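So the structure is just underneath, and the comments pick up after that.
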């Protein structure tokens, strides 16, 4: 009887206030994959709105691996049309979320943007932290028109953490040639897995790529 009394005390008093909270905190790890949609000015606003590299097929993507820490991939130095093995003109950088949205110099409130929240395990979080640290220190590949770009580099990071299927670099370079391709793939996974998706409509002075 004494044992049952202690057990009942543990269930009614200690468990609600102590043990369940750390377990939930460990299970609620997420990353956010942020997309700036490709865009070009409408004809009536060509003098007011700037052109973007890639235009309607362009845009940008970054992964928020930790709260307000977004990693992205971009060219550095002379732009290469074909990827170089020994001359790597690229860099991975870390931004705040506001810094990432400011990539094209437009206020975040005027961007067409999408964010996809992906749940991760603690092991996957450790891998992502390790990859981002390595890639920021030294970019592992060149940025090139025919080669790795922001979408394929993001796939690479997700793949190494076990969040997307494993493929060769040549495969995901061609498959995710620009951000919309990766966004459509992750949105499909989001619908199947009930991931949270947030979106924002861009200003009316520009034509935006749509899902």
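Observations on the structure shown:
- Restricted to segment 158-173, and to residues there that are free of Cβ contacts under 8 Å to residues at least 12 places away in the same chain and in a helix (DSSP H, G or I), the residue that is surrounded by the most Cβ atoms within 10 Å (Cβ to Cβ) is 171.
- Out of 179, 140, one residue alone is at pLDDT 95 or above and surrounded by 15 or more Cβ atoms within 10 Å (Cβ to Cβ). It is 179.
- Within segment 89-109, being over 25 Å from residue 162 (Cα atoms) and buried (at least 18 other Cβ atoms within 10 Å of the Cβ) holds for 101, 103, 106.
- With respect to the stated conditions, residue 58 fails to be within 25 Å of residue 174 (Cα to Cα), in contact (Cβ under 8 Å) with a residue 12 or more places away in the chain and surrounded by fewer than 16 Cβ atoms within 10 Å (Cβ to Cβ).
- Where residue 155 falls short, out of the listed (1) in contact (Cβ under 8 Å) with a residue 60 or more places away in the chain; (2) within 22 Å of residue 196 (Cα to Cα); (3) in contact with a helix residue (DSSP H, G or I) (Cβ under 8 Å, 6 or more places away or on another chain); (4) crowded, with 16+ Cβ neighbours inside 10 Å: (1)
- Across segment 93-141, the number of residues qualifying as in contact (Cβ under 8 Å) with a residue 40 or more places away in the chain, outside any helix (DSSP H, G or I) and farther than 18 Å from residue 61 by Cβ comes to 2.
The values are calculated or read from the model by the stated rules, or taken from the named source; none is laboratory data. Quantities reported herein were computed from a predicted structural model and do not represent experimental measurements. Every residue, glycine as well, gets a Cβ built from its backbone with ideal geometry; the counts of neighbours run over all protein chains shown.
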